[in-house]
Every structure is written in structure tokens, then in C-alpha cells.
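J.: Sharing a structure with you now.
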Amino acid sequence: LYTIPTEKSWTVILSSAKNDWGAYKYDEKKDVLRVEAPVNLTQSTIEAFTMKFEGEPKTGKLIFAWDTTWVEVPVSF
């Protein structure tokens with residue numbers, strides 16, 4: 001899982017690469033999915049980077065949050 005954050009949106013990338021540490025060997029050819037997610041601002045600061053699932057058992061959203069920013073990506077499983 002990779003992200004490309006910008007001020008207005010994040011690109012969230014699901015990659016088929018395994019056993020990679022960081023983005024040092026990132027290979028765009030191994031992208032399985034790319035989703036653009038708009039940036040939202042929080043009411044308070046989030047100290048630790050957080051990822052969490054919210055929603056129904058088979059559909060919902062994956063939320064990424066840190067500092068005063070959060071983004072959400074729709075998911076179904």
C-alpha cells in the first residue's frame with residue numbers, strides 16, 4: 001500500500017509487490033489499483049498516523065488520518 005499525498009488530494013495505491021520496505025523499490029507496473037481521495041481537515045490534531053476501517057460488514061471505507069488531515073477510500077470486501 002502506497003500513498004502520494006498532496007495538499008488537495010492523496011493517491012492511494014494498492015500494489016502487488018511483496019516484501020518491499022518503503023517506496024525505495026516502488027514499481028508502477030505492479031499497481032493493482034489507484035484511487036484519488038480528496039483531503040479533509042480535522043477539528044483537532046491526530047498525533048499518530050492512523051488507518052482504520054469504518055462502515056458495514058461488506059462495504060465501507062478505509063480512513064487515513066494524521067496531523068490535521070484525513071482522507072477516505074471506499075472499499076468492499
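J.: Taking the residues in the range 10-26 that are open to solvent by less than 50 Å² (accessible area, probe 1.4 Å) and in contact (Cβ under 8 Å) with a residue 12 or more places away in the chain as candidates, determine which candidate is farthest from Asp67 (Cα to Cα).
T.: Ala17
J.: In the range 51-77, what residues are of a type in the set (Gly, Ala, Ser) and closer than 15 Å to Trp10 by Cβ?
T.: Of everything in the range 51-77, just one residue is of a type in the set (Gly, Ala, Ser) and closer than 15 Å to Trp10 by Cβ, namely Ala65.
J.: On to the next question. With the requirement that a residue be charged (D, E, K, R) and within 16 Å of Glu47 (Cα to Cα), what does the range 63-77 give you?
T.: Asp67
J.: A further question follows. With the structure loaded, tell me whether Glu7 is open to solvent by 100 Å² or more (accessible area, probe 1.4 Å), of a type in the set (Asp, Glu) and not in a strand (DSSP E or B) or whether it fails that test.
T.: So Glu7 fits the description; yes.
J.: Pull up the range 38-59, narrow it to residues that are hydrophobic (A, V, I, L, M, F, W, C) and touching a Leu at 6+ places or on another chain (Cβ under 9 Å), then point me to the one that is farthest from Pro74 (Cα to Cα).
T.: Met51
J.: Now for a different question. Consider the range 29-47. How many of its residues are within 16 Å of the chain's Cα centre (by Cα), over 13 Å from Thr69 (Cβ atoms) and surrounded by fewer than 10 Cβ atoms within 10 Å (Cβ to Cβ)?
T.: Number of matching residues: 1.
J.: Considering only residues that are of a type in the set (Asp, Glu) and out of contact with any strand residue (DSSP E or B) (no Cβ under 6 Å at 6 or more places or on another chain), which ones fall in the range 9-37?
T.: Asp20, Asp27, Glu28
The values are calculated or read from the model by the stated rules, or taken from the named source; none is laboratory data. For clarity, every value in this text was computed on a predicted model and none was experimentally measured. With ideal geometry, Cβ positions are generated from the backbone for all residues, glycine too; neighbour counts draw on all protein chains shown. Note: areas computed on protein heavy atoms with side chains; ligands, DNA, RNA excluded. Shrake-Rupley method; radii C 1.70, N 1.55, O 1.52, S 1.80 Å.
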